[in-house]
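Q: Structure provided below as structure tokens; questions to follow.
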Amino acid sequence: MSNPTIFSFIEQKESEFESEKMQLGDNWHWNFRDHVQMIFHLKNGVFYTGENDYMRAFKAVMRPLLRLSYWTEDIEVKDVTFFIEGKDDRALSFLIKKYHDEVYVREHDIDSLFDNITESDIDYGGALVQSTGKGKPEFIPLNSIAFCDQTNILGGPIGIKFFFSPDGLRKMSNFGWGKESNGATMSLDELAILADEYKDPTGTDNKKKNKVTGKTVEVYIVRGNLPEAYLKDNDNMEEWYNQVQIVAFYSDNKGKKQHAILYRKSEDEGMLKFHKSEDVYNRALGYSDGEMLIHPQIWTNFLSIHKNALLESASKIIPYTDDPTFAQKNDLREMENLQVAEIEEGKTFGLVPTVGAVNIQLLSSSIDEWFSAAQLDSAAFDPILGKEQSSGTTFRGQERTVAQGRGWHDRRRGKRAKFIEQLYREDIIPNIIKEITKGKKFLATLTVEEITWIVEQLANNYANDKLKKSLMDFKKPLMTEEERNIITQTFKEEFGRGGNVKLVEILADEFKDAPIRMGINVANKQKDLSMLSDKVLSIFQFIFANPAGFQQAMQMPALAKSFQDILEFSGLNQSDFMSLVTMPPAPQQALPPQQGQPAPAMQLTKPTPNE
């Protein structure tokens, strides 16, 4: 029997992924794909089982509450700030920040990356991101996972399914796909010709394929520890190495399923990054708002369906009579309002009693109870939803309710901010550095503070260049300080005339070996920079108000210790202010000599040892 191939491995693992359930507890069995598919159906207003003919009542509970979480926990590009950790890195850090704000976030749509991470984590309990080495990290929808370790998503090999158009497939040559030197067994051009018009949503042959308008190719990217045989085409199934395998499945001219390798290489770990805000022990996905809202959504639908059935029954008017000739003489469907109907003497006429309003009211109350429970579980109280508070609620009480409702959202947002910081440090910032060190020109809109700082640097550099040239030109006199000031001022005036939009040019390899010491702050999770700035400003205002008095006060141990306590309680680093605490008193000026006493003469000769 021949060794299994990467193709048989993918088919086997994908089939197991769709059917096998993990036992998480004594009475808890869970399947990754079922979990994602159920939430995917319900959040989009579609029944996971049964008919979807729009005649079954579906009252959306998940969608509005999930949208609230998206909005409350949203992280935007403006929430990402950089601060300089080394004073010598100011120029490079400034360029990175401006290139990030003016070019990178627009070209790579970083806002969409943040939104996708937030929505995936809130909906399904996790967000998966793939490093590309070029551009921005790529968000991976959890619906596209063909198989993974259901107890730990990155704990074993993971397969991700993509569909490429012929043109989109050819563009992947930029990443080395289809090259024989990278292990490919078929070129991208050859594979593009064999593309067909069907997409398989599940990857198994016993499911209905979707026919699309164009041609498409089914591609799997498999990452993780795999046998050496898959990488080197040998018989070694015992030794496993971390590698990436990119394979395609297609149908030949006879309709038979075939496969090809597009790329395979060994790679370091860490190309995939996964985040979940609320962990569930021994489960690949965490606990999410989407999972929490499954029961309220299902039971709201159940009660709504039955309520509509009662309403339909109650809306029917069914008369009855023991007069056999009534129906012959009177057609109720054609009768006018207040038209008199004749009934034989001794006969009766009435209406069949239908469902009472009490039963309908009970169902309505039960539906409201489920929604209230969903609100409580998802921290979506009425003020956050924009609903008017009950009469008598004070403004402060409403404000406190909103703050309390945001508590869990802020905590989860903070966890996600740490994950985004990791993406910046390991992927985004290194990619920006690669781009700007190759030499870049880009237009940047500068603030007044930035223009002031830049023009100061450029003016000094320009004046220094002029000074160097004057030193080298022996025929001309040296530049005086007054001439230097005139040159500097003239440069500043010329630079300021061009407005606040400037063409920034970065010379190639200018910062090739420059160290990067830049802090990244996402959504104030790492540091509350604005509050920290206010604290430092308050300290300086206090010192500037009476610098001599502050210096004298710091010479008193009790007051110096109290100032250290203020720094400690404010969360500031005492070591940064020790020079203020231990600042020596200002030197006192020598008193003028008293009248009648000669001033001491300046000693011009060196004293002898005996003096």
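Q: Which condition breaks for Lys232 when tested against (1) within 34 Å of the chain's Cα centre (by Cα); (2) without any contact (Cβ under 8 Å) to a residue 24 or more places away in the chain?
A: Among (1) within 34 Å of the chain's Cα centre (by Cα); (2) without any contact (Cβ under 8 Å) to a residue 24 or more places away in the chain, Lys232 violates only (1).
Q: With the checklist (1) of a type outside the set (Gly, Ala, Ser); (2) open to solvent by 50 Å² or more (accessible area, probe 1.4 Å); (3) at pLDDT below 75; (4) closer than 27 Å to Ile520 by Cβ in hand, flag the one item Thr394 doesn't pass.
A: Condition (4) is where Thr394 drops out.
Q: Ala284: in contact (Cβ under 8 Å) with a residue 60 or more places away in the chain, open to solvent by less than 10 Å² (accessible area, probe 1.4 Å), farther than 20 Å from Thr151 by Cα and of a type outside the set (S, T, N, Q), yes or no?
A: Working: in contact (Cβ under 8 Å) with a residue 60 or more places away in the chain: yes; open to solvent by less than 10 Å² (accessible area, probe 1.4 Å): yes; farther than 20 Å from Thr151 by Cα: no; of a type outside the set (S, T, N, Q): yes.
Judged against the criteria, Ala284 is not a match.
Q: While we're on this one: Quick one: count up the residues across region 129-141 that are within 26 Å of Asp410 (Cβ to Cβ) and either touching an Asp or Glu at 6+ places or on another chain (Cβ under 7 Å) or crowded, with 23+ Cβ neighbours inside 10 Å (or both).
A: Here the count works out to 2.
Q: Within region 49-82, which residues are in a loop (DSSP other than H, G, I, E, B) and surrounded by 15 or more Cβ atoms within 10 Å (Cβ to Cβ)?
A: Narrowing region 49-82 to residues in a loop (DSSP other than H, G, I, E, B): 49-61, 73-76.
Matches in region 49-82: Ala57, Phe58, Lys59, Ala60, Val61, Glu73, Asp74, Ile75.
The values are calculated or read from the model by the stated rules, or taken from the named source; none is laboratory data. Just so it is clear, the structure is predicted and the values come from calculations on it, not from any experiment. FYI the Cβ positions are ideal-geometry reconstructions off the backbone, even for glycines, and counts take in every protein chain you see. Each accessible area value is taken on the protein alone, full model and side chains, heavy atoms only, with ligands, DNA and RNA left out. Shrake-Rupley method; radii C 1.70, N 1.55, O 1.52, S 1.80 Å.
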